[in-house]
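Novice: Take a look at this one; I'll ask things after.
The values are calculated or read from the model by the stated rules, or taken from the named source; none is laboratory data. Every value quoted in this text rests on a predicted model; they were computed, and no experiment measured them. For neighbour counting, all protein chains shown are included, and Cβ atoms are generated from backbone atoms with ideal geometry for every residue, glycine included. When the accessible area is computed, the model is the full protein with side chains, heavy atoms only, and any ligands, DNA or RNA have been set aside. Shrake-Rupley method; radii C 1.70, N 1.55, O 1.52, S 1.80 Å.
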Amino acid sequence: QVQLVESGGGLVQPGGSLRLSCAASTRFYRSYTMGWYRQAPGNKRELVADIQDGGYINYGDPVKGRFTISRDNAKKMVYLQMGSLKPEDTAVYYCNARVGSKNFWGQGTQVTVSS
(Lines give C-alpha, C1' and ligand atoms only; values in the text may rest on other atoms or scores of the structure.)
Protein backbone atom coordinates (compact mmCIF):
# COMPACT_ATOMS: atom_id res chain seq x y z
CA GLN A 1 0.00 0.00 0.00
CA VAL A 2 1.21 3.50 -0.86
CA GLN A 3 -0.16 6.60 0.81
CA LEU A 4 0.02 9.84 -1.13
CA VAL A 5 -0.60 13.28 0.33
CA GLU A 6 -0.88 16.32 -1.93
CA SER A 7 -0.42 19.95 -0.96
CA GLY A 8 -0.08 23.32 -2.64
CA GLY A 9 -3.41 23.83 -4.33
CA GLY A 10 -5.38 27.05 -4.17
CA LEU A 11 -6.71 30.04 -6.04
CA VAL A 12 -4.48 31.78 -8.57
CA GLN A 13 -5.07 34.40 -11.22
CA PRO A 14 -4.73 33.62 -14.94
CA GLY A 15 -1.12 33.79 -15.99
CA GLY A 16 0.07 32.96 -12.50
CA SER A 17 2.08 30.08 -11.11
CA LEU A 18 1.52 27.40 -8.51
CA ARG A 19 3.54 24.47 -7.21
CA LEU A 20 1.98 21.21 -6.11
CA SER A 21 3.77 18.71 -3.89
CA CYS A 22 3.06 15.08 -3.15
CA ALA A 23 4.61 13.03 -0.36
CA ALA A 24 4.68 9.26 -0.74
CA SER A 25 4.95 6.67 2.00
CA THR A 26 6.55 3.56 0.59
CA ARG A 27 9.86 1.76 0.97
CA PHE A 28 10.02 1.17 -2.76
CA TYR A 29 9.47 4.72 -4.00
CA ARG A 30 12.00 4.45 -6.82
CA SER A 31 10.10 1.54 -8.30
CA TYR A 32 7.07 3.69 -8.95
CA THR A 33 6.23 5.90 -11.85
CA MET A 34 4.92 9.05 -10.20
CA GLY A 35 2.39 11.27 -11.84
CA TRP A 36 -0.17 14.01 -11.65
CA TYR A 37 -3.68 13.74 -13.06
CA ARG A 38 -6.55 16.19 -12.97
CA GLN A 39 -10.30 16.09 -13.17
CA ALA A 40 -12.59 19.01 -13.85
CA PRO A 41 -16.35 18.80 -13.18
CA GLY A 42 -18.04 16.78 -15.89
CA ASN A 43 -14.75 15.65 -17.39
CA LYS A 44 -12.76 12.44 -17.26
CA ARG A 45 -9.60 12.26 -15.21
CA GLU A 46 -6.68 13.08 -17.49
CA LEU A 47 -2.92 12.77 -17.33
CA VAL A 48 -1.08 15.97 -16.57
CA ALA A 49 2.43 14.52 -16.36
CA ASP A 50 4.32 11.53 -15.10
CA ILE A 51 7.94 10.72 -14.40
CA GLN A 52 9.88 7.49 -14.07
CA ASP A 53 12.85 6.92 -11.79
CA GLY A 54 15.18 7.03 -14.78
CA GLY A 55 13.97 10.52 -15.60
CA TYR A 56 11.71 9.75 -18.54
CA ILE A 57 8.88 12.29 -18.50
CA ASN A 58 5.54 12.36 -20.24
CA TYR A 59 3.28 15.44 -20.43
CA GLY A 60 -0.32 15.77 -21.46
CA ASP A 61 -0.72 17.96 -24.52
CA PRO A 62 -2.65 20.77 -22.76
CA VAL A 63 0.22 21.48 -20.36
CA LYS A 64 3.29 21.02 -22.52
CA GLY A 65 5.62 23.98 -22.23
CA ARG A 66 3.81 25.36 -19.16
CA PHE A 67 4.12 22.69 -16.47
CA THR A 68 7.18 20.87 -15.14
CA ILE A 69 7.18 17.64 -13.16
CA SER A 70 10.08 16.57 -10.97
CA ARG A 71 10.80 14.02 -8.29
CA ASP A 72 13.11 13.78 -5.29
CA ASN A 73 13.77 10.13 -4.54
CA ALA A 74 15.58 10.86 -1.27
CA LYS A 75 12.57 12.72 0.08
CA LYS A 76 10.01 10.50 -1.67
CA MET A 77 8.39 13.56 -3.17
CA VAL A 78 7.00 14.51 -6.56
CA TYR A 79 6.34 18.09 -7.61
CA LEU A 80 4.36 19.85 -10.29
CA GLN A 81 5.42 23.38 -11.14
CA MET A 82 2.57 25.04 -13.02
CA GLY A 83 3.04 28.26 -14.96
CA SER A 84 1.06 30.44 -17.35
CA LEU A 85 -2.07 29.08 -15.73
CA LYS A 86 -5.35 29.31 -17.59
CA PRO A 87 -8.94 29.08 -16.35
CA GLU A 88 -9.21 25.72 -18.12
CA ASP A 89 -6.52 24.38 -15.79
CA THR A 90 -9.08 24.56 -12.98
CA ALA A 91 -9.54 21.05 -11.61
CA VAL A 92 -8.85 18.71 -8.73
CA TYR A 93 -5.26 17.53 -9.11
CA TYR A 94 -4.41 14.01 -7.98
CA CYS A 95 -1.06 12.48 -7.24
CA ASN A 96 -0.58 8.97 -8.63
CA ALA A 97 1.90 6.18 -8.04
CA ARG A 98 1.92 3.11 -10.23
CA VAL A 99 4.00 0.02 -10.82
CA GLY A 100 2.85 -2.97 -12.83
CA SER A 101 -0.87 -3.42 -12.17
CA LYS A 102 -0.74 -1.49 -8.90
CA ASN A 103 -2.17 2.01 -8.92
CA PHE A 104 -2.48 4.39 -5.95
CA TRP A 105 -4.09 7.81 -5.65
CA GLY A 106 -3.94 10.76 -3.31
CA GLN A 107 -7.03 12.51 -2.03
CA GLY A 108 -6.65 15.40 -4.49
CA THR A 109 -6.04 19.12 -4.17
CA GLN A 110 -8.17 21.83 -5.75
CA VAL A 111 -6.58 24.28 -8.18
CA THR A 112 -8.74 27.20 -9.26
CA VAL A 113 -7.58 29.68 -11.89
CA SER A 114 -9.76 32.75 -11.85
CA SER A 115 -9.58 36.51 -11.72
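Novice: Heavy-atom accessible area per residue, the chain, 1.4 Å probe: how many Å²? Please report the intermediate quantities before stating the final value.
Specialist: Details: 6180 Å² over 115 residues.
Dividing the accessible area of the chain by its residue count gives 54 Å².
Novice: Next question, about the same structure. For region 1-105, state which chymotrypsin sites (Phe, Trp or Tyr not before Pro) are in a DSSP loop and have at most 14 other beta carbons lying within 10 Å of their beta carbon.
Specialist: Those satisfying the criteria are Phe28, Tyr56.
Novice: So which trypsin sites (Lys or Arg not before Pro) in region 42-110 are both in a DSSP loop and have at most 10 other Cβ atoms within 10 Å of their Cβ? Don't skip to the answer; put the middle values down first.
Specialist: Numbers: sites: Lys44, Arg45, Lys64, Arg66, Arg71, Lys75, Lys76, Arg98, Lys102; in loops: Lys44, Arg45, Lys64, Arg66, Lys75, Lys76.
When the trypsin sites (Lys or Arg not before Pro) of region 42-110 are filtered for loop state and at most 10 Cβ neighbours within 10 Å, Lys44, Lys64 remain.
Novice: Taking a temperature of 25 °C and a viscosity of 0.890 mPa s, what whole-number D in µm²/s does Stokes-Einstein yield for the chain with Rh from Kirkwood over alpha carbon pairs?
Specialist: Working: Rh = 14.0 Å.
The calculation lands on 175 µm²/s.
Novice: With charges set only on the Cβ (+1 for Lys and Arg, -1 for Asp and Glu), what does the dipole of the chain come to about its Cα centre, in debye to the nearest 20?
Specialist: Values: 14 positive and 8 negative charges, 57 e Å.
Rounded to the nearest 20 debye, it is 280 debye.
Novice: For region 29-102, which whole-number percentage of the solvent-accessible area (1.4 Å probe, protein heavy atoms only) is attributable to carbon and sulfur atoms?
Specialist: Values: 1780 of 3800 Å².
Exposed carbon and sulfur together represent 47 percent of the surface.
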